[in-house]
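What follows is a set of notes on a single structure, which appears directly below.
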Amino acid sequence: VFIAGLSLSTENDEMTDVSEIRGDANYVEVLDRGFVGLVNVMGNDEMIERAARVSYGAGTRAVNDRRNLLRYLMRHYHTSPFEFGEVAFHVKMPILVARQLFRHRMQSINEQSARYSVLTDEFYYPTEDRIQAQSKTNKQGSEGDVPQDVKEKFLNDLASVDELTRTVYEDALGNGISRELARMVLPVAQYTECYIKVDMNNFLKMLRLRTDSHAQQEIQEYANAMEKLVEPHFPLTIEAYRDYHKNARSVSRMEKEMMLNLLAHVPESTLRSICFDSFGMGKREFREFIRDFFPDKYDTVFPENH
Ligand SMILES: Cc1cc2nc3c(=O)[nH]c(=O)nc-3n(C[C@H](O)[C@H](O)[C@H](O)COP(=O)(O)OP(=O)(O)OC[C@H]3O[C@@H](n4cnc5c(N)ncnc54)[C@H](O)[C@@H]3O)c2cc1C
């Protein structure tokens, strides 16, 4: 379903201005001049379920509703059914964000050509709040405040770079230098625009990495906007992704052994009481939990196995 998108003009090859997408519910504004739009969607939760049932067939009776089936697939990394959902985005972002987003190879991308078009003067300026110090604990991160005068100097310096690089770019173009060469002076704060199409399996892999607090804040904002736009089209898939991947983590062999040691001392009465409140887990999932973390007590909790 083609759900959004600007009318295509052959006369105007300039970048899309953020004012053109304002008010369109399929678009979210990001940073000072950027945006993400969900322009096309293929499939939905039902399509993913249908694809899965081909391989599971009658055997899926144990997981007999859509939500449970999608949660089972997500939990056990049965990823290929999720490839039957696809989403396409229209994104305008600084080149520094595009470089990170484009690292996700399992997606199709088409970017505005700076060989073909003259890039408009659109430069990313972080907000004062965003101008932070180098993190001491994370070599790739920012953390803590810097003095106000340092923030102001940085913003003024950015403006000088913007002005200088723009002047060199436009002078070069004015002197007849080709666009593909003139662009070499443009910095990574320059905005670029592209279309991206990706299947839901790889989209969720990207989301997990780029909505994480370790990702750069700017790309987190784009990834969060994408998640918000896609959720209404794949609500069960997104819910399962949040429960089993986004807000979860795998446990190492050592961690598991340590937990087994600790859990071995959980009194029988506590274990019985959590049977009645398994924190929103499905029956099958709860069985897996007891099997993996209380192996000695599995038969007590599920006596019907005898
Ligand atoms: C916080 C953070 C910091 C990072 N820092 C750096 C950095 O300093 N330097 C840097 O270079 N990168 C960095 N990256 C990028 C990172 O290493 C990955 O390249 C990026 O996240 C894409 O992940 P991916 O390969 O899983 O995704 P995709 O390329 O979308 O691939 C999805 C999946 O497809 C499979 N796949 C795709 N291509 C291949 C292939 N050629 N061979 C085998 N399997 C394939 C893999 O299973 C992969 O997980 C960083 C990423 C994050 C999130």
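The values are calculated or read from the model by the stated rules, or taken from the named source; none is laboratory data. Here the structure is a predicted model, which means the values were calculated and not measured. Glycine also receives a Cβ, built like all others from the backbone with ideal geometry; neighbour counts cover every protein chain displayed. To get the accessible areas, we keep the full protein, side chains included, count just its heavy atoms, and leave off ligands, DNA and RNA. Shrake-Rupley method; radii C 1.70, N 1.55, O 1.52, S 1.80 Å.
Annotation: residue 248 fulfils all but one of (1) part of a helix (DSSP H, G or I); (2) under 32 Å from the mean Cα position of the chain (by Cα); (3) more than 16 Å from the ligand (Cβ to nearest atom); (4) of a type in the set (Gly, Ala, Ser); the unmet one is (1). Going through (1) free of Cβ contacts under 8 Å to residues at least 60 places away in the same chain; (2) surrounded by 11 or more Cβ atoms within 10 Å (Cβ to Cβ) one by one, residue 217 falls short only on (1). Looking across region 19-32 at every residue that is modelled with pLDDT of 95 or more and buried (at least 18 other Cβ atoms within 10 Å of the Cβ), the one that is farthest from residue 71 (Cα to Cα) is identified as 31. Which one is farthest from residue 190 (Cα to Cα), of the residues in region 107-145 that are open to solvent by 30 Å² or more (accessible area, probe 1.4 Å) and aromatic (Phe, Trp, Tyr)? For region 107-145, the residue satisfying everything is 116. In region 93-107, the residues that are more than 16 Å from residue 217 (Cβ to Cβ) and within 13 Å of the ligand (Cβ to nearest atom) reach residues that are at pLDDT 95 or above and not β-branched (Val, Ile, Thr) with C-beta atoms within less than 7 angstrom, at least six apart or across chains, in these pairs: 104/202; 104/206; 106/202; 107/197; 107/202. How many residues does region 146-171 hold that are farther than 19 Å from residue 191 by Cα and aliphatic (A, V, I, L, M)? Summing the residues that are farther than 19 Å from residue 191 by Cα and aliphatic (A, V, I, L, M) in region 146-171 gives 2.
Residue by residue, here is whether (1) of a type in the set (S, T, N, Q); (2) over 30 Å from residue 92 (Cβ atoms); (3) not in a helix (DSSP H, G or I) holds:
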| residue | (1), (2), (3) |
| --- | --- |
| 214 | no, no, yes |
| 257 | no, yes, no |
| 261 | yes, yes, no |
| 266 | no, yes, yes |
| 271 | no, yes, no |
| 297 | no, yes, no |
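Among the residues making up region 124-148, those that are closer than 26 Å to residue 29 by Cα and within 16 Å of the ligand (Cβ to nearest atom) are 140, 141, 142, 143. The residue list 151, 205 contains one member that is among the charged types (D, E, K, R), out of contact with any helix residue (DSSP H, G or I) (no Cβ under 7 Å at 6 or more places or on another chain) and modelled with pLDDT under 95, which is 151. For region 192-231, a residue qualifies if it is away from the ligand (no atom under 14 Å from the Cβ) and of a type in the set (Val, Ile, Thr), and the qualifying residues are 192, 230.
Kindly evaluate residue 189 against the criterion of being among the small types (Gly, Ala, Ser), under 13 Å from the mean Cα position of the chain (by Cα) and away from the ligand (no atom under 16 Å from the Cβ). Give the derivation first.
Working: among the small types (Gly, Ala, Ser): yes; under 13 Å from the mean Cα position of the chain (by Cα): no; away from the ligand (no atom under 16 Å from the Cβ): yes.
When the stated conditions are applied, residue 189 does not pass them.
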